[in-house]
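Notes to accompany the following structure.
The values are calculated or read from the model by the stated rules, or taken from the named source; none is laboratory data. As the structure is a computational prediction, the values presented were derived from the model and not from experiment. Each accessible area value is taken on the protein alone, full model and side chains, heavy atoms only, with ligands, DNA and RNA left out. Shrake-Rupley method; radii C 1.70, N 1.55, O 1.52, S 1.80 Å.
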Amino acid sequence: MPHDNRPLLIGLTGNIGSGKSMAAAWFTQHGIPVISTDILGHEALLKPDVRDQLVESFGDEILDEHGAIDRQKLGRYVFGNRDRLKILSGIVHPEIRRELSSRIDRMQDETVIIEIPLLFESKLEPCVDYILLIYADEQTRLQRLKKRDNLHEEDILRRIRSQTNIDKKITLSDLAIENSSSSEDFFEKLEGFLERIGEIERKDIVRFDECTIKTKEGQ
């Protein structure tokens, strides 16, 4: 993707419970637009063709009483099952990537934050100019998720440990910001990053809607 006439694209990522959403809200409050791939994923499930493909793959048990995709039922059905998760990703992720590219094409902003929880797992590194990782220690994340999701500790730990090792993600990121203490400390670190954001250079990146093909060719 050429440098001209497009925003600087910063990929915001981090494992579950690290504080990505807190960072995204902070950037929005400070005038930097954020696109959440989680929200785009929810929107994709509302599309009739996506719904039909998921029902064909997983059956009617993933639907609610109105015939729409029930995200909780779908999540329970695919969680922990690699084959089902692969099918789900193959249906939903292309929709997310197409919508991402479409929105970026229409934006006139200088900088855009793309919140991508599974940036590395989805091999989307070639699609952004810069990778900002938010991380926190396991115990801190565990306590946050207990408060947020009201799940049993075993379920939370299984989710935490199912994601890519954070040490590996740190080495692959352009900047890693720890969020294990106070919100004031975290926001101060984000402020420091924001002050330096103008120094980040645009790269020759790949469009999101083309990234899968080009990544595979490069393997």
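Things worth noting here:
- Checking the cross-link pairs 86/169; 73/169; 20/169 against a 25 Å limit on the alpha carbon distance flags 73/169 as lying beyond it.
- Springs between Cα atoms under 10 Å define the GNM used for the chain, and in it the highest mean-square fluctuation of 184, 65, 95 occurs at 65.
- Solvent exposure of residue 37, expressed as accessible area, is near 20 Å², computed with a probe of 1.4 Å over the protein chains only.
- Rounded to the nearest Hz, the phi-derived 3J(HN,Hα) couplings of segment 29-42 under the Karplus curve 6.51 cos²θ - 1.76 cosθ + 1.60 (θ = phi - 60°) are 5, 9, x, 9, x, 10, 10, 9, 6, 5, 5, 4, x, 4, where x marks glycine and proline.
- Helix-only arithmetic for the chain: the sum of -39500 (n - 2.57) across DSSP H runs with n ≥ 4, divided by the residue total, places the mean residue ellipticity at 222 nm at -15500 deg cm²/dmol.
- Accessible area of residue 66 in the full protein assembly, 1.4 Å probe (Å², nearest 10): 150
- Long-range amide H partners of residue 115 with built H, under 5 Å: 12, 35, 36, 37
- Across segment 187-195, coupling constants 3J(HN,Hα) worked out from phi with the 6.51/-1.76/1.60 Karplus curve, θ = phi - 60°, read 5, 5, 5, 5, 4, x, 5, 4, 5 Hz, and Gly and Pro carry x.
- Sequence-distant aspartates and glutamates (8 or more away, or on other chains) whose Cα lies within less than 18 Å of residue 146: 137, 138, 154, 155
- Relative contact order for the chain, counting Cα pairs under 8 Å that sit 6 or more residues apart, in percent: 36
- Scattering from the chain was approximated by placing one identical point on each alpha carbon and applying the Debye formula without solvent; log10 I(q)/I(0) at 0.12, 0.13, 0.15, 0.16 1/Å stands at -0.70, -0.83, -1.10, -1.23.
- Solvent exposure of the chain, expressed per residue, is 57 Å² of accessible area, with all protein chains present and a 1.4 angstrom probe.
- For residue 176, the residues whose modelled amide H falls within less than 5 Å of its own, excluding neighbours fewer than 5 places apart on the same chain, are 133.
- Using heavy atoms of the protein chains and a probe of 1.4 Å, the accessible area assigned to residue 130 is about 40 Å².
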